Every structure is written in C-alpha cells, then in structure tokens.
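The structure under discussion appears below in the form of structure tokens.
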Amino acid sequence: MKDPLTRRTFLGASSAIAGTQFIVPGAKADASEPATPSFAGGTSLYETTAELVGKTPFVDTHEHFVDESLRVRGAREEVRHLAAPDFGMLLCHYTDSDLQVAGMPAEDYKQTQAWNVPLSKKWELAAPYYERCRHTGYQLCIRETLRALFDEEDLRADNYERISQRLQEHAAPGFYTRLLRDIANIEYAHVNYLQKPLFAEMEPADLLGVDLSINPLCAPPDLKILEKTLGSKVTTLPEAMAAIDACFDQYGSKAVAIKSQCAYWRSLNFLNADAKDAAPLFKRYARKASLSSEELEIIQGFMFHYCMKKAAEYGLVVKLHTGYYAGHGGMPLARVRDNLSDLCPILKEHPDTMFSLFHIAYPYQDEAIAIAKQYRNACVDMCWAWIINPAASVRFLKEFIMAAPACKLFAFGGDYIPVEMSVGHAAIARRGVTQAIVELIQEGWLAEGDAPSLVERIMRGNALEIFAKNRRA
Ligand SMILES: [Zn+2]
C-alpha cells in the first residue's frame, strides 16, 4: 500500500499557486481525449489535487470478478459467458450495451466474445459501432484501461492484434494483485461473486473480500438453497428462519457485507409482515401451492426483514442495487424511480442496520443525497456511476459533499467481471474526484486545507471504518 499524501505536503504544494487562473490548453493533435486542465505557471491546483488523488489508494466497494485461477486457466466451461482472452473482452459487461443500443446486432456482439472467431472478423464487426458511441463513459473505460495496462491510446485497426496478444499473456498467476494494487492503486476490493448463489471464498484474501448474497433467502426464498444450508427439509416458517440463521452462522463472519440486486426484478417496498401472517402462507409455498402476488409479498417481506435484523446482529452493511439497470432494452423506469422512496420505511424500521445505496441511484442521485442526509443508517456508493455518466458523477460528488455528511460516501466500485476494466474505471473515478475537489475549491466552497482529509475519507477511510469489522485480512 502506498502512503497517501500528507496534509502538510498538499498544503505546501498548493499554497504556491493560490490566486492563479484556471485555463484549459488546446487538445494535443494526436490525442484522443482532451488535455488535462492546468494553471498558467507553477504547479497547478489541478495537478496537485490529481497527485493527491492518485497517491490515495481506493477501497473498491463493489466488483464481480471471477476467481483469478479461472481466468488464468481460461475456464470457459466453468464460467458462463466467459469472454475469449482478446480485445473482444473489453467490449463485454456494459460496453456491449452501448454498442447494441447504437445499432450492433446481438448476434454480431456474441461473435466478438466467442473463442473460435478470427480477430479480424471480430474487429470488422465491432469497429463501426465503437465509432458510433466512443464518447460514452463505458467506451472511455476501454481507452483508460488500454492506457494504464499497455500504454496504448485507443483501440484501432493497427493495434487490436497486439492488444489481444497482451491480454492473453498477462493473465498469469498474481495478475489480479498486479493490476489492482500495483497499477490501479486499489488496496482492497469487495466482490459480489456471481458464480455461487450465496458466498464463496476468494484469493488473495488480503485483496478481495466477498459479499453474502441474500437473494435466495428472501427474494424469493429458494427452498433448495434453504434446505441445503439448513441440512434438512424446510416446510415451515420457523424452519426457513432457522435456515437463514444457519446461513449467517456459516458465512456472517466471513462476508464483508450483504448484497442484493433484487431491484432488477421487483420493487424494494418489502412489507414488514408479521410471522403469524407469513407462517400459514409459507407452509403453502413450501408445498408449491399457488399463491396470489399479495400472499407472496407477505412471505418475501417477512424473510427480507428477517435478513435485515440478522445483518444488524452480525454488523454487516446491506448493499442494495438502486437506480439504473445494466443491459439494454428493458428498464421499468417507474419502478426504478421509486427505489429510494420504497426504502424510507425500511431505513426507519431497521435503525441498527447500515444500508449502502448503490450506483447513486442514477438517474435519481438527488434523492440519494437527500436519503443520506436524512437517515443516519444510509450511505451512498458511487460504484459503476463513473462510467454510467462521468459528468453527472462529478456533479453528484460536489453536491453530496456540500449536502450530506462526507462520512457516508464510498467513492468507487468498479462493478466489473473482467478485472482489466476496473483499472480503467478507477482512472476515470480518480479524474472525476479530482475535478470535483478542484471545482469546489475554485468556487470557494471547500478550503484547500480540507482536501487531503476529505479525499482520504471518501476514497478509503469510510470503507475501512464502516466495513472494518468484516475485513478478512
Ligand atoms: Zn454490480
């Protein structure tokens, strides 16, 4: 772990340029991105802040990495949709959504992920659509990844083969640590592991903590998984509760947090149902009898709220997907819009459970700020947000800092399956954090001397403080 800049270092460097004017030099002729803004003469506030943000390690609070060993082995039989190790993998998980919304046929995209399609064919299929959407955060992440890993400025006809070869070669034992810690300066990352329904151990343990997924326990309860966890039949509500107890006994002290992305398939207005109402319905549920949607809501509501109580008992933060949907072509915006208002009664009913609202609830980030300001037990996580909309994320960060306690914000989660793309995402996040801090100082809202402690807090300190109990290493 690198040492963050001290306050003294920061003040010493920045005080020399007080009063200078912010200018934006013209873009370099051969550069694909705008040049970095700077001050005329001396070390700029931007450069000093960028150095501070660059040297401060991230605690990355949300990823979906697969085991490094599976990547090294190229275990495509064991990992569903594992992309072939070539430039096509840079197009998977998010990037593909923009490509397809920009017109790329789904079948063509699938070919870019395949293990038996020539590279030249993949490039021919992808290039026209990459050009059509290259200015989005998802596509910017490709270029930031290539810069950080391979010193390449862009993905082009004359380098996709070279990049593909390097992507194949670098996937050797230890490459997760090299990419995350040595290149992206991420000291620790939380993983929501998608290959197992509840929980899995991941290595290296001093780099990766894993969330306990509660979807199969409550949204809706999966009888097979409950029975496997309990080790006996589950036919009654007390038995289902015993299965949840067993799950927390087994994984509660190992998990770094609790995770649910059930907002992808249901609303978050979980009913705080009574056991006396849920018990007879659960017996019917276990017999596979038909239940109305209202009756199913009573069961799911009871089980969800029981999990929230268990989270408090084990000191586990509850991470909830809120806001925008990954993928494309299907997002019920009316339900998404209600995510945060649905959570208000839950936040009130579980004052001892800490909730982390993911993805700034984009595009409802104003509501996320209001919730973090109103409820002691609500934090907001910027995971994924920096590539959904980099400009909105800068605005959000500035407004959050000025409205809600800074101790309730986690500034970065890569949210990727391919570890490579989290490197680029971290670079975009650092650029955004830098811009937000510089603008707040220039606009007179933030004292220069407060920047080091604020940056330290939002990039790592809050996560170490709030998740510290469950950090495994
Ligand atoms: Zn995610």
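The values are calculated or read from the model by the stated rules, or taken from the named source; none is laboratory data. In this text the structure is predicted, and so the values were computed from the model without any measurement. Every residue, glycine among them, receives a Cβ derived from its backbone with ideal geometry; neighbour counts consider all protein chains shown. Ligands, DNA and RNA are stripped out before the accessible areas are found, and what is left, the full protein with its side chains, is counted by its heavy atoms. Shrake-Rupley method; radii C 1.70, N 1.55, O 1.52, S 1.80 Å.
Computed quantities for the displayed model
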{"item": "Nearest-10 value in Å² for the accessible area of Tyr188, using the 1.4 Å probe", "result": "0 Å²"}
{"item": "Amide proton proximity set for Leu208, modelled H, under 5 Å, gap of 5+", "result": "Ala189"}
{"item": "Cβ-based net charge around His328, under 9 Å, with every Lys or Arg adding one and every Asp or Glu removing one", "result": "-2"}
{"item": "Helix-derived mean residue ellipticity, 222 nm - over the chain, DSSP H n ≥ 4, -39500 (n - 2.57), to 500", "result": "-14000 deg cm²/dmol"}
{"item": "Percent RCO, i.e. relative contact order, over the chain, from Cα pairs under 8 Å lying at least 6 residues apart", "result": "20 percent"}
{"item": "The range 83-170 - percent of accessible surface contributed by carbon and sulfur, probe 1.4 Å", "result": "48 percent"}
{"item": "Histogram of C-alpha separations across the range 178-308, 10 Å bin width, %", "result": "12, 39, 29, 12, 6, 1"}
{"item": "Per residue solvent-accessible surface (Å²) - the range 101-168, probe of 1.4 Å", "result": "50 Å²"}
{"item": "Label-to-label distance, nm, for residues given as Leu464 and Asp249 (7 Å Cα→Cβ offset)", "result": "3.5 nm"}
{"item": "Net length gained if the chain between Arg76 and Asp366 were fully extended (0.36 nm per residue, minus Cα distance)", "result": "100.3 nm"}
{"item": "Solvent-accessible ranking of Met402, Met104, largest area first, probe 1.4 Å", "result": "Met402, Met104"}
{"item": "Antiparallel content of DSSP bridges confined to the chain, in %, to 5", "result": "10 percent"}
{"item": "The range 307-333 and the range 123-146: distance between their alpha carbon centers, rounded to Å", "result": "29 Å"}
{"item": "Unit charges on C-beta of K, R, D, E only; dipole of the chain, Debye", "result": "800 debye"}
{"item": "Largest to smallest accessible area among Trp123, Trp445, Trp115, Trp384 [probe 1.4 Å]", "result": "Trp445, Trp115, Trp123, Trp384"}
{"item": "Shape metrics for the range 83-170, restricted to C-alpha atoms - Rg then Dmax, Å", "result": "11.7, 32"}
{"item": "Shape of the range 37-108, Cα gyration tensor, a/c cut at 1.5", "result": "oblate"}
{"item": "Relative compactness, the chain, computed as alpha-carbon Rg over 2.2 N^0.38 Å", "result": "1.01"}
{"item": "The range 266-387, accessible surface, carbon-and-sulfur percent (1.4 angstrom probe)", "result": "52 percent"}
{"item": "Arg132/Thr236 FRET efficiency (R0 56 Å; Cβ-Cβ; nearest 0.05)", "result": "0.50"}
{"item": "Links that overshoot a 23 Å alpha carbon limit, given the list Lys196/Lys319; Lys196/Lys224; Lys310/Lys398; Lys319/Lys408; Lys233/Lys283; Lys121/Lys196", "result": "Lys310/Lys398; Lys121/Lys196"}
{"item": "Whole-Å distance, taken between Cα centres, linking the range 243-258 and the range 183-203", "result": "16 Å"}
